[in-house]
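Student: This is the structure, below, for whatever I ask next.
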Amino acid sequence: MSVRKIVHIDMDAFYASVEQRDDPQLKGRPVIVAWRGNRSVVCAASYEARRYGVRSAMSALRADRLCPHAVFVAPDFKKYRAASRAAGEIFRRYTDLIEPLSLDEAYLDVTENKAGLPTATRVARAIREQIREELHLTASAGVAPNKFLAKIASDWRKPDGLFVILPENIDTFLTPLAVGRLPGVGKVTTRRLEQLGIQTVGDLRALDLPVLEHQFGRYGVRLYELARGIDNSRVVSDRPTKSISAEDTFEKDIPLAQTEPMIRRLAERVWSTSRRESRIARTVVLKLRTSDFNILTRSHTPLSPPSSCDELTQIALSLRERVELSPRQLFRLVGVGMSNFREPEDAAGQPVLFE
């Protein structure tokens, strides 16, 4: 079996970098992409802001305290999507096997590349150079025989770096790594492994498969393989959309009856996004988070898929009636989504379902 050549491209501080590119006054300054407000969270932070401890998903209030001289910029996802599409056009010069993970990162299978370059490293270098020259942005890249190693590699020399893991170097590279660098090994799994005396990937290799299966079930098999650099998952291009959603957090907790304006705005965003899909969504979902952080979802699959933004909005609003909580209950977040995508010829004539 031939060795695959996988490249993982990760745009550096993507949203913040786009803002710095488009506004010369922001270059070299700490930039935080976030709406200002008590409930807002950081979408992205420039590397100048990261030096102060600012990170994505951090509350905007905390980010402001850590870096009070930072420039806050409201997110402009239309602009970020355009930059992401432009990067994708560069990727397609080299391969059609592209699996986007988000707007700012993707896997590329370049085992065979359109440009006829002799190595995956040459492909990654060419892509990074073209992103710099054409988009005036930087990207880090990882090159490896599989996806999980390529993703680790792309993070190795960030920002604006390139790192290659050759097949013959996998064992040497993996053995000293902390187990927390493996995909899916979060804080809870790390603690459980530490209780078994496991801190590095080398330690993990010492555990037999039956022990790992006993401790972690099916994920134990995955841990066994990752510790040995095994990942047979393929780069899947054009992965079908499973759902589209948008959500937002209120400035202050509000009762359910006052959520209508936000639901209408979110429904418009979801409807606009859904129009770019060739497939049709049949199910409408309403998501709510209470003031004490409990999450509720209600969904409805009508006989015919929503045919307009207004119809989507009305279904989303009606789903509030199925929330059986006290009128005094307050909510901090609301979301609207569409799911259950089907091909157009399969989307009609299905029975009504309540989930």
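The values are calculated or read from the model by the stated rules, or taken from the named source; none is laboratory data. In this text the structure is predicted, and so the values were computed from the model without any measurement. Positions of Cβ are backbone-derived with ideal geometry, glycine not excepted, and every protein chain shown enters the neighbour counts.
Student: Kindly establish whether L135 is in contact (Cβ under 8 Å) with a residue 12 or more places away in the chain and among the hydrophobic types (A, V, I, L, M, F, W, C).
Tutor: yes
Student: Restricted to the stretch 251-305, and to residues that are among the aliphatic types (A, V, I, L, M), in a strand (DSSP E or B) and touching a residue at least 12 places away in the same chain (Cβ under 8 Å), which residue is nearest to V334 (Cα to Cα)?
Tutor: The selected residue is L288.
Student: Any chance you could count how many residues in the stretch 139-172 are surrounded by fewer than 18 Cβ atoms within 10 Å (Cβ to Cβ) and in contact with a Pro (Cβ under 6 Å, 6 or more places away or on another chain)?
Tutor: Selection size over the stretch 139-172: 1.
Student: Please find, among L166, L135, the residue that is of a type outside the set (G, A, S) and over 20 Å from D231 (Cα atoms).
Tutor: After applying the criteria, what remains is L135.
Student: Could you list, in sequence order, the residues of the stretch 99-136 that are surrounded by fewer than 21 Cβ atoms within 10 Å (Cβ to Cβ), in a loop (DSSP other than H, G, I, E, B) and more than 19 Å from the chain's Cα centre (by Cα)?
Tutor: The answer is T111, E112, K114, A115, G116, L117, P118, T119, H136.
Student: Please work out if A126 is modelled with pLDDT under 95, more than 16 Å from V3 (Cβ to Cβ) and among the hydrophobic types (A, V, I, L, M, F, W, C).
Tutor: Answer is no for this residue.
Student: Ok, one more. For the stretch 285-331, give me each residue that is within 28 Å of the chain's Cα centre (by Cα) and among the charged types (D, E, K, R).
Tutor: Within the stretch 285-331, K287, R289, D292, R298 qualify.
Student: Would you mind telling me which numbered condition in (1) among the basic types (K, R); (2) at pLDDT 95 or above; (3) under 28 Å from A34 (Cα atoms) R93 fails?
Tutor: All conditions pass for R93, except number (3).
Student: Filter the stretch 67-86 for residues that are surrounded by 19 or more Cβ atoms within 10 Å (Cβ to Cβ) and more than 15 Å from W35 (Cβ to Cβ) and give the result.
Tutor: Within the stretch 67-86, C67, A83, S84 qualify.
Student: Could you tell me whether R62 is in a loop (DSSP other than H, G, I, E, B) and either free of Cβ contacts under 8 Å to residues at least 40 places away in the same chain or on the phi < 0 side of the Ramachandran plot (or both)?
Tutor: Considered against the rule, which asks whether it is in a loop (DSSP other than H, G, I, E, B) and either free of Cβ contacts under 8 Å to residues at least 40 places away in the same chain or on the phi < 0 side of the Ramachandran plot (or both), R62 comes out as no.
Student: Turning to a different aspect of this structure: Sort out which residues of the stretch 207-219 are part of a loop (DSSP other than H, G, I, E, B) and surrounded by fewer than 12 Cβ atoms within 10 Å (Cβ to Cβ), and write them in order of number.
Tutor: D208, G217
Student: Please verify whether the stretch 78-86 includes one or more residues that are modelled with pLDDT under 95 and under 30 Å from L166 (Cα atoms).
Tutor: The answer is yes, given that some residue of the stretch 78-86 is modelled with pLDDT under 95 and under 30 Å from L166 (Cα atoms).
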